[in-house]
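The values are calculated or read from the model by the stated rules, or taken from the named source; none is laboratory data. Model, not experiment: these values are computed from the prediction. Here the Cβ positions follow ideal geometry from the backbone for every residue, glycine too, while neighbour counts run over all protein chains shown. To get the accessible areas, we keep the full protein, side chains included, count just its heavy atoms, and leave off ligands, DNA and RNA. Shrake-Rupley method; radii C 1.70, N 1.55, O 1.52, S 1.80 Å.
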Amino acid sequence: MALHHSEETHQNLCARLAQATGRDLQEWIRVLEAGPTFLRFEDRVSWLRSEYGIAHGHATAIVHEQDLRRAQRNFG
């Protein structure tokens with residue numbers, strides 16, 4: 001699975017993470033990186049949703065941002 005919403009929607013979801021979940025994007029990325037190692041995008045989204053009860057859009061935005069940051073570290 002991949003990101004299915006626009007870049008604008010993605011940025012809005014990221015900007016509202018702290019308000020909606022009580023944790024900012026950096027905290028969520030740390031949570032995701034400390035959690036189980038899932039290779040598939042959707043598995044990581046599902047884990048965040050089931051473990052923390054966050055909305056699908058927010059979970060997708062977190063996983064997408066983690067992927068972007070990981071790619072920057074690897075190729076940056």
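Once the range 1-22 is narrowed to residues that are modelled with pLDDT of 90 or more and touching a helix residue (DSSP H, G or I) at 6+ places or on another chain (Cβ under 7 Å), the residue that is most open to solvent (accessible area, probe 1.4 Å) is 20.
Within the range 23-33, is even one residue open to solvent by 30 Å² or more (accessible area, probe 1.4 Å) and at pLDDT below 95? Scanning the range 23-33, I find at least one residue that is open to solvent by 30 Å² or more (accessible area, probe 1.4 Å) and at pLDDT below 95, so the answer is yes. Of all the numbered requirements in (1) open to solvent by less than 50 Å² (accessible area, probe 1.4 Å); (2) more than 11 Å from the chain's Cα centre (by Cα); (3) closer than 14 Å to residue 17 by Cα, residue 53 misses one, and that requirement is (1).
Report whether or not residue 59 is open to solvent by 20 Å² or more (accessible area, probe 1.4 Å) and either modelled with pLDDT of 90 or more or of a type in the set (A, V, I, L, M, F, W, C) (or both). For residue 59, the condition - open to solvent by 20 Å² or more (accessible area, probe 1.4 Å) and either modelled with pLDDT of 90 or more or of a type in the set (A, V, I, L, M, F, W, C) (or both) - is not met.
On the given criteria, is residue 66 at pLDDT below 95, open to solvent by less than 20 Å² (accessible area, probe 1.4 Å) and at negative phi? Give the derivation first.
Working: at pLDDT below 95: yes; open to solvent by less than 20 Å² (accessible area, probe 1.4 Å): yes; at negative phi: yes.
Spelling it out, residue 66 is indeed at pLDDT below 95, open to solvent by less than 20 Å² (accessible area, probe 1.4 Å) and at negative phi.
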